[in-house]
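These notes concern the structure reproduced below.
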Amino acid sequence: MYRENAWKKYEDLAPVMEFAEGYKEFISLGKTERLAVREAVKLLQAAGFSPIEKKTKLAPGDKVYFVNKNKNIAAFIIGSSPLAEGLRILGAHIDSPRLDLKENPFYEKEGFALADTHYYGGVKKYQWVTIPLALHGVVCKKDGTTVEVHVGEDENDPVVGITDLLIHLSADQLQKPGAKVIEGEDLDVSLGSIPVDGEEKEAVKANVLRILKEKYGVEEEDFVSAEIEVVPAGKARDYGLDRSMVAGYGHDDRVCAYTSLKALLDIDKPAHTCVCILVDKEEIGSVGATGAHSVFFENTVTKIASLLGESHPFYATRLIFEASKMLSSDVSAGYDPLYPSVNDPKNAAYFGKGLVFNKYTGSRGKSGSNDANPEYYAWIRKTMDEANVHWQNAELGKVDQGGGGTIAYILGNYNMNVIDAGIAVHNMHAPMEIVSKVDVYEAYLGYKAFLLAE
């Protein structure tokens, strides 16, 4: 159903609303890559998936998953057809723009204990001040133990935040361009203001470190080998008087991660081996051991091929990739009626019209784009229409207005067919993003249809 209002499809909205409840819980609990992987593992195990370490061989129908460094995950259902006929792959990323504590974050200034941060991914820095923030992450100690830190989500927790100038004294600040209103080095998080007893130097900082030591057993030096992310505090909420939307942090791209994973969980005995891979680092170029550029995914497919009896699994993996089809499950920019000038209305993604396909993303003449083959796009159209899935096509704004990218081109380098397929988002990369519940549900249906298509 091309570019039609998806809400009209449903006389009973219960399936759409119920699916959104599960999604809201997922993004409320999975605000970092590590937490998203943890939630994904819970869902996989509840659906009968086993960690690959427990397997010495595989057969059609088996359900297994791999976890890489606690920050990305690949789950497989082994199909009845030979691997040589290719995989059906859903790939999304589970990192989102945020602030990270620096390696030596803590300092005191004028009676306040503060933490230095470095922003991660593309952010409008002014959006991150004067809102409640939470801390999530791990501190890895020299003795080999890892301590989890979580502050700001429980209703009895304190929250932290970043201050801004009051309007009464901001005459000079308001003359700056938006990119400079708040400087990156000024995104420092306020942690406390009570000094410890005595005349100790930096007594407020010392008190904060005392609290951290009492609760988590960590010293200041331990934060050199820590990964603490600063994210918006609070749960995802229904948005709009009609509850048609979801407001929350991290829709980009955990909304596609959840719908992709649920599509895999809710199929059984597929013909082709089906895969959902959730990766890290997309917001900073898909780099590193847990990003899409890593050989982790290639290694998992090689392991699968080996456990299925392939005598030359490394060579087989390249041929398997070449025969595979993939949806790069990533969000698209939703048409916002308050900012119409940045879009070509004929080629924009609209709330309520279902799953969004982007033939290409990129910027400045499609730079960095996958640009899917039209033959594959035609197969996708047929698959969606036969499954009665509402879908639409879009570009990422007007030519030369901006742009962005996904992991599509990385898997396309293996000569597999890949196209971007995701969900329209308002406020993308802001602390509060918005999606339409019906688009989320249609994406889930579309991903399932893709996995099961011939």
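The numbers here are math on the coordinates, done by the rules we state, and not lab data. Given the structure is predicted, the values throughout are model-derived calculations rather than measurements. With ideal geometry, Cβ positions are generated from the backbone for all residues, glycine too; neighbour counts draw on all protein chains shown.
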How large are Rg and Dmax for the chain when only the alpha carbon atoms are used, in Å? 23.0, 75
For Val218, which sequence-distant residues (separation of 5 or more, or a different chain) have an amide H within less than 5 Å of its own amide H, given hydrogens modelled in the peptide plane? Lys213
Per-residue HN-Hα couplings for region 6-14 [Karplus 6.51, -1.76, 1.60; θ = phi - 60°; Hz; x = Gly/Pro]: 6, 4, 5, 6, 10, 6, 10, 7, 4
Among DSSP beta bridges whose residues both lie in the chain, state the antiparallel percentage, nearest 5. 70 percent
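I need the shape label for region 353-404. Rule: rounded when a/c is under 1.5, else prolate if a/b > b/c, else oblate, with a, b, c from the alpha carbon gyration tensor.
Details: a/c = 4.13, a/b = 1.86, b/c = 2.22.
It comes out oblate by the Cα gyration axes.
Work out how much length Glu53 to Asn388 would gain on full extension: take 0.36 nm times their residue separation and subtract the Cα-Cα distance, in nm to one decimal.
Details: separation 335, 0.36 × 335 = 120.60 nm, distance 3.87 nm.
Length difference between fully extended and current span is 116.7 nm.
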Please order Arg34, Arg318, Arg254, Arg98 by the number of other Cβ within 10 Å, starting at the fewest. Arg318, Arg34, Arg98, Arg254
For each of Val149, Val342, Val246, count neighbouring Cβ atoms within 10 Å of the residue's Cβ, then give the residues from fewest to most. Val342, Val149, Val246
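Taking only C-alpha pairs under 8 Å that are 6+ residues apart, what is the relative contact order of the chain in percent?
On the way: 1010 pairs, mean separation 105.8, N = 454.
Worked out over the chain, it gives 23 percent.
Compute, for region 99-232, the length of the dipole vector about the Cα centre, with Cβ point charges of +1 (Lys, Arg) and -1 (Asp, Glu) only. Units Debye, rounded to 20.
On the way: 13 positive and 28 negative charges, 86 e Å.
With only Lys, Arg, Asp and Glu charged at Cβ, the dipole is about 420 debye.
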Could you run the Karplus curve 6.51 cos²θ - 1.76 cosθ + 1.60 with θ = phi - 60° over region 337-352 and give me ³J(HN,Hα) per residue in whole Hz, x for Gly and Pro? x, 7, 9, x, 5, 8, 10, 8, x, 6, 10, 10, 9, 10, 4, x
Furthest towards positive pole of dipole, Ile434, Trp391, Asn343, structure part the chain, Cβ charges: Trp391
If you place +1 on the Cβ of every Lys and Arg and -1 on the Cβ of every Asp and Glu, how big does the dipole about the Cα centre of the chain come out, in debye to the nearest 20? 1460 debye
Gly334's amide H: which non-local residues (gap 5+, or another chain) put their own amide H closer than 5 Å, with H modeled 1.01 Å from N in plane and none for Pro or chain starts? Val425, His426
Here FRET efficiency (C-beta to C-beta, Glu21 to Val129, R₀ 35 Å, nearest 0.05) is 0.65
Interchain or long-range residues, amide H under 5 Å from Asn393's placed H: Phe357
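What net charge is computed for the residues neighbouring Ala233, neighbours being all others with C-beta under 14 Å from the C-beta of Ala233, Lys and Arg scored +1, Asp and Glu -1?
Numbers: positive: Lys31, Arg98, Lys235, Arg237; negative: Glu153, Asp154, Glu155, Asp157, Glu229.
After counting each charged neighbour, the total is -1.
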Lysines whose Cα lies under 26 Å from that of Lys57, excluding same-chain neighbours fewer than 8 positions away: Lys42, Lys69, Lys71, Lys262, Lys269, Lys303, Lys325
Between Cys140 and Ser80, the FRET efficiency computed from the C-beta separation at R0 = 51 Å comes out, to the nearest 0.05, as 0.75
Within the set of other residues whose C-beta is less than 13 Å from the C-beta of Lys142, count the net charge using Lys and Arg as +1 and Asp and Glu as -1. -3
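Can you give the FRET efficiency for Asn5 and Glu185, using 1/(1 + (r/R0)^6), R0 = 45 Å, r = Cβ-Cβ distance, to the nearest 0.05?
Details: r = 46 Å, r/R0 = 1.03.
The computed FRET efficiency comes out at 0.45.
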Computed curve, region 74-170, Cα-only Debye sum without solvent term, log₁₀ I(q)/I(0) at 0.19, 0.22 Å⁻¹, is -1.14, -1.36
Taking the Cα atoms only, what angle lies between the long axis of helix 33-46 and the longest principal axis of the chain, rounded to 10 degrees? 50 degrees
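Kirkwood hydrodynamic radius for region 275-421: how many Å is it when counted over pairs of different Cα atoms? If you can, show how the numbers build up before the last one.
Values: mean 1/r = 0.0600 Å⁻¹.
Hydrodynamic radius (Kirkwood, Cα pairs) of region 275-421 is 16.7 Å.
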Place +1 on the Cβ of every Lys and Arg and -1 on the Cβ of every Asp and Glu in the chain, take the dipole about the Cα centre, and give the residue among Ser294, Leu307, Tyr409 whose Cα lies farthest towards its positive end. Leu307
